[in-house]
């Protein structure tokens, strides 16, 4: 990959082969935040061309590119080691999320094994995994049934999310690096201009993950991810949430500002309020079905 580095004077610099160096990215992260801070303090128009605009645009691209490089590399390594059961789980999960399997529909192990071209053993393992994830229920006489979230499910999920995510951002804010804040600010701005549900979902997820990343508890982060996924897996619920992206952006702005100010208490209370907003939206949709 070739990344073009622009000098501060605005003239094009040399082309550097390979991914950008962490130190260079850190420099651009600071540059990115400094420029935005200057523009906001001086009430100046946001630059769209000229030297300042070129630097800002290039910094944004480099920081966001770097933030995704490691994740992309890890994904490729994981993909190469996925076994049959994992592959079936992923496919069934997507089919449930997209509505190809309706709530209440039976998942017949024998039929699905033939459809996927696998034996019944990995299919059985896949369905059991979906049960652990809360996507299906297994009954003795009826087999596996696709389930939909109930109002009680929604409240249980969001009660836990409030506890875990409120605590995560409270502890993370105190340890957060400047580069992480710069990346979160960039992702927030990109989310504001995203024009597809898939892109909005990806950026929304990354925004929160960045702000929780320094909480110091990997098990807590894993639990947060799993709880969020229990709602996101249902495409219609996720789309309902993403329809409110403009109002959520106002809440994101406040959370980000509190994080930049290192105000852990405010960041926690704003995150809890943000989750309660999402809870109300999801609950209304579940009750309407």
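Below is a table of values for the structure above.
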quantity: Cβ-derived FRET efficiency at R0 30 Å, residue 155 paired with residue 86, nearest 0.05; calculated: 0.45
quantity: Separation of the residue 120 and residue 205 label points, Cα + 7 Å toward Cβ, nm; calculated: 3.4
quantity: Rg and Dmax of the stretch 84-146, Cα atoms only, in Å; calculated: 10.4, 27
quantity: Dimensions (Å) - the stretch 130-192, Cα atoms, principal axes, largest first; calculated: 56, 25, 19
quantity: Estimated translational D of the stretch 163-286 in µm²/s (Stokes, Kirkwood radius over Cα pairs; 25 °C; 0.890 mPa s); calculated: 169
quantity: Mean-position separation - Cα centroids, the stretch 199-227 and the stretch 118-133, in angstrom; calculated: 27
quantity: Calculated over the stretch 235-277: convex hull of Cα atoms, volume per residue (Å³); calculated: 59
quantity: Estimated FRET transfer efficiency when R0 is 30 angstrom, pair residue 138-residue 283 (beta carbons, to 0.05); calculated: 0.70
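Bear in mind these aren't lab numbers, they're just calculated from the coordinates by the rules spelled out. Everything quoted here is computed from the prediction, not taken from an experiment. Don't worry about glycine lacking a Cβ; one is built from the backbone with ideal geometry, like all the others, and counts go over all protein chains shown.
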